[in-house]
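Undergrad: Provided herewith is a single structure, encoded as structure tokens, for subsequent inquiry.
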Amino acid sequence: MRGRFATSIAVDRALRPAVAAQAASVVGTHVAALALPTVAVLVLHASPVAAATLFALEYGAQAIAAPLLGVVVDRVTDRRRLLVLASAGTAVAVLAVPVAHLAGVLSLPLLYAVAALSGILGGLVTIGVQATVPQLVAPERLVGANAALAGAQSAGQIAGPALAGWLVQTLGGALAMSANAVGQALAALGFAALRPRPVAPSATPAGATRQRPLRDLRDGVAALRGRPVLVRIAVTAAALNLGGSAIGGLYVLYAYRILQVSPWLLGLTFAVNSVAAVVAVLTAGRVVARLGHTRVVPVFAPAAGAALMLIPLASVTPPVVTLICYEAVFGYCATVWLIASVSLQQSLVPARLLGRVLALSRSLAVIAVPVGALAAGVLAQVWGVLPALTGFAAVAFLGTVAAVSRTVAAPRADQPEASDQTLP
């Protein structure tokens with residue numbers, strides 16, 4: 001395993017348009033993450049339930065649609081065109097908000113529709129990009145390629161919130177949504193410049209045409225179940241998302257009301273997370289090359305889950321120092337794990353099945369986000385904030401321990417290309 005994966009994150013020429021598209025899309029998405037609920041709350045005077053519904057719709061619609069999105073990704077022979085259309089479709093969808101605002105017909109049902117549609121199309125782009133990476137770079141460059149994409153996402157996460165705040169303050173939430181449309185349009189242009197190697201579609205047995213979508217989905221489920229490590233990766237991602245989204249929903253309230261942390265110090269802890277993620281992007285290739293997937297995938301996710309326990313611990317320790325330690329450990333370990341786990345999925349799964357396997361895994365991971373966020377609010381009311389934080393941190397840690405229950409099978413240097421092999 002050692003030496004199998006390149007350690008540099010120098011971006012391959014074929015991957016550069018995808019990296020640029022990823023950065024533009026993430027910046028635009030962060031603008032919408034602030035602008036859309038701002039419109040709902042300040043312009044349409046949405047109730048807490050209506051605001052929570054807006055959040056849940058985006059993730060819930062994506063989770064429900066993800067398995068079928070994977071079928072679509074695996075069916076098309078030109079994934080570049082699919083990514084362009086999905087990004088352009090997102091741009092058109094989010095433009096409906098400023099247009100409706102200017103026309104005086106803005107409504108909550110429209111915001112719900114935009115949230116659901118942009119969530120579905122965003123999921124299609126994410127699955128499509130991850131499935132296309134093996135068509136753009138050599139197998140030994142997968143870790144570096146995924147690190148480059150994670151770096152673009154980290155850059156967007158740093159620039160996006162600051163730009164979102166300025167635009168919402170200056171233009172208002174509805175007009176600020178135009179920036180998301182611009183970001184998605186730029187992403188479409190970036191994807192248009194991709195030149196992936198074509199993927200041959202799966203052969204269709206005679207008489208199976210009408211059952212093809214369901215059969216394709218069953219094939220994806222069989223491929224996921226055929227590799228236990230892929231199931232464990234999906235469960236681990238869901239556990240981290242469940243605990244992380246639950247804690248995220250209570251984090252600011254906990255920091256202000258219980259820990260008495262000032263806004264600028266809380267902002268400092270957020271910055272530490274971003275720095276840790278960037279360091280992870282720069283070092284992930286070397287970490288995987290030195291330790292191998294057999295150690296990185298099973299160890300780094302539980303380490304990230306354990307870091308969540310530092311949040312409730314901050315109530316009895318120096319809070320700012322403890323939260324900084326949490327952000328540093330979680331930001332680094334979660335990012336390295338994500339890069340390594342996606343690279344492992346791309347290495348193990350044949351190209352003709354990769355979209356479906358990624359989509360099924362993503363469906364489980366994404367549905368945990370609204371479930372965790374909504375459950376946290378309810379349990380915090382019943383148990384209190386600190387017990388709820390402790391409980392969800394424990395859920396995340398114990399869930400990620402599933403990743404170390406058995407040894408992870410790493411791709412071997414003498415193993416055939418994933419696109420040419422079948423799963424057991």
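Undergrad: Find how much the distance from Thr77 to Arg197 grows on full extension, using 0.36 nm per residue of separation minus their present alpha carbon separation; answer in nm with one decimal.
TA: Working: separation 120, 0.36 × 120 = 43.20 nm, distance 0.96 nm.
Difference between extended and current length: 42.2 nm.
Undergrad: Could you provide, to the nearest whole Å², the per residue accessible area of region 1-155 with probe 1.4 Å?
TA: 39 Å²
Undergrad: Skip the ligands, DNA and RNA, and give the accessible area per residue of region 253-332 with a 1.4 Å probe, whole Å². Before the final figure, lay out each step's value.
TA: Numbers: 3500 Å² over 80 residues.
Heavy-atom SASA per residue in region 253-332 reads 44 Å².
Undergrad: Quick one: if the Förster radius is 35 Å, what FRET efficiency do Ala159 and Arg290 give, using the C-beta to C-beta distance and rounding to 0.05?
TA: Details: r = 31 Å, r/R0 = 0.89.
Efficiency for this residue pair is about 0.65.
Undergrad: In 10 Å bins starting at 0, how do the alpha-carbon pair distances of region 34-89 split up by percent?
TA: Over region 34-89, the share of Cα pairs per 10 Å bin runs 20, 34, 25, 18, 3 percent.
Undergrad: In addition: Taking Rh as the Kirkwood radius, which is the inverse of the mean 1/r over Cα pairs, what is the Rg/Rh value for region 237-380?
TA: On the way: Rg = 16.5 Å, Rh = 16.3 Å.
Across region 237-380, the Cα-based Rg/Rh ratio is 1.01.
Undergrad: For region 20-154, take N as its residue count and report Rg(C-alpha) divided by 2.2 N^0.38 Å. List each step's numbers first, then the result.
TA: Numbers: Rg = 16.5 Å, N = 135, 2.2 N^0.38 = 14.2 Å.
Rg over 2.2 N^0.38 Å, computed on Cα atoms: 1.16.
Undergrad: With a point put 7 Å past each Cα toward its Cβ, work out how far Trp264 is from Gln381 in nm, to one decimal.
TA: Inter-label distance under the simple model: 3.7 nm.
Undergrad: Per the Cauchy relation, a quarter of the hull surface: what is the mean projected area of the convex hull of the alpha carbons in region 245-288, in nm²? All intermediate terms of the calculation are to be shown ahead of the outcome.
TA: Numbers: hull surface 15.7 nm².
Averaging across all directions leaves 3.9 nm² for the Cα convex hull.
Undergrad: Dipole size in debye (nearest 20) for the chain around its Cα centre, Lys and Arg Cβ +1, Asp and Glu Cβ -1? Walk me through the numbers on the way to the answer.
TA: Details: 27 positive and 11 negative charges, 212 e Å.
Result for the chain is approximately 1020 debye, rounded to the nearest 20.
Undergrad: At a Förster distance of 35 Å, what's the computed FRET efficiency of Leu44 paired with Ser315, Cβ-Cβ distance as r, to 0.05? Walk me through the numbers before you get to the answer.
TA: On the way: r = 37 Å, r/R0 = 1.04.
Rounded to the nearest 0.05, the efficiency is 0.45.
Undergrad: What's the FRET efficiency of Val231 with Trp166 using the Cβ-Cβ distance as r and R₀ = 60 Å, to the nearest 0.05? Each step should come with its number before you reach the end.
TA: On the way: r = 43 Å, r/R0 = 0.72.
My answer for the efficiency is 0.90.
Undergrad: Residue separation times 0.36 nm, minus the C-alpha to C-alpha distance between Leu253 and Ala103: what's the value? Display every interim value, and only then the final one.
TA: Values: separation 150, 0.36 × 150 = 54.00 nm, distance 3.66 nm.
Taking Leu253 through Ala103 to full extension adds about 50.3 nm, to one decimal.
Undergrad: Check every DSSP H run in the chain and write down those whose alpha carbon atoms cover 24 angstrom or more along the long axis and whose mean Kyte-Doolittle hydropathy is 1.6 or greater.
TA: Values: long enough: 16-38 (34 Å, 0.95); 48-75 (40 Å, 1.17); 79-103 (36 Å, 1.30); 108-136 (41 Å, 1.53); 142-171 (41 Å, 0.94); 173-192 (29 Å, 1.29); 228-253 (39 Å, 1.53); 263-291 (40 Å, 1.52); 319-348 (42 Å, 1.29); 351-383 (47 Å, 1.47).
Taking the DSSP H segments of the chain (at least 24 Å long, mean hydropathy at least 1.6), we get none.
Undergrad: Let me ask another. Please report, in whole Å, how far the alpha carbons of region 147-189 spread along each principal axis, starting with the longest.
TA: Principal axes ranked by extent give 35, 22, 8 Å for the Cα atoms.
Undergrad: Also: Dipole of region 85-230, Cα-centred, from +1 at each Lys and Arg C-beta and -1 at each Asp and Glu C-beta, to the nearest 20 debye? Intermediate values should be presented prior to the final figure.
TA: Values: 9 positive and 3 negative charges, 109 e Å.
Taking the Cα centre of region 85-230 as origin, the dipole is about 520 debye.
Undergrad: Starting from the Cα coordinates of region 232-319, work out the convex hull volume and express it per residue in Å³.
TA: Working: hull volume 9.1 nm³, N = 88.
Dividing the Cα hull volume of region 232-319 by its residue count gives 103 Å³.
Undergrad: Based only on Cα atoms, what mean projected area does the convex hull of region 310-398 have, in nm²? Spell out each step's value before the answer.
TA: Values: hull surface 27.4 nm².
So the Cα hull casts an average projection of 6.9 nm².
Undergrad: State the answer as a single residue: which of Phe270, Val221, Leu291 lies farthest towards the positive end of the charge dipole of region 144-302, with beta carbon charges of +1 for Lys and Arg and -1 for Asp and Glu, about the Cα centre.
TA: The one lying farthest along the dipole's positive direction is Val221.
Undergrad: Out of the total accessible area of the chain (probe 1.4 Å, heavy atoms of protein only), what percent is carbon and sulfur?
TA: On the way: 12200 of 17990 Å².
Answer for the chain is 68 percent, counting heavy atoms of protein chains only.
Undergrad: Quick one: Debye curve from the alpha-carbon atoms of region 84-146 only, equal weights, vacuum; give me log10 I(q)/I(0) at q = 0.12, 0.20 Å⁻¹ to two decimals.
TA: Normalising to I(0) and taking log10 leaves -0.44, -0.77.
Undergrad: Next question, about the same structure. Which one of Val43, Leu167, Leu313 is farthest out on the positive end of the charge dipole of the chain, using unit charges on Cβ (Lys, Arg +1; Asp, Glu -1) and the Cα centre as origin?
TA: Most positive-ward Cα: Leu313.
Undergrad: What value, in deg cm²/dmol to 500, does the helix sum -39500 (n - 2.57) over DSSP H runs of n ≥ 4 give at 222 nm once divided by the residues of the chain?
TA: On the way: 14 runs with 323 residues, N = 424.
That comes out to -26500 deg cm²/dmol.
Undergrad: Here's a follow-up. At 1.002 mPa s and 20 °C, plugging the Kirkwood radius over alpha-carbon pairs of the chain into Stokes-Einstein gives what diffusion coefficient in µm²/s? Spell out each step's value before the answer.
TA: Values: Rh = 22.0 Å.
Once the numbers are plugged in, D ends up at 98 µm²/s.
The values are calculated or read from the model by the stated rules, or taken from the named source; none is laboratory data. Just so we're clear, the structure is a prediction, and the values are computed from it rather than from any experiment. Don't worry about glycine lacking a Cβ; one is built from the backbone with ideal geometry, like all the others, and counts go over all protein chains shown. Areas reflect the complete protein model, heavy atoms only, side chains present, ligands, DNA and RNA absent. Shrake-Rupley method; radii C 1.70, N 1.55, O 1.52, S 1.80 Å.
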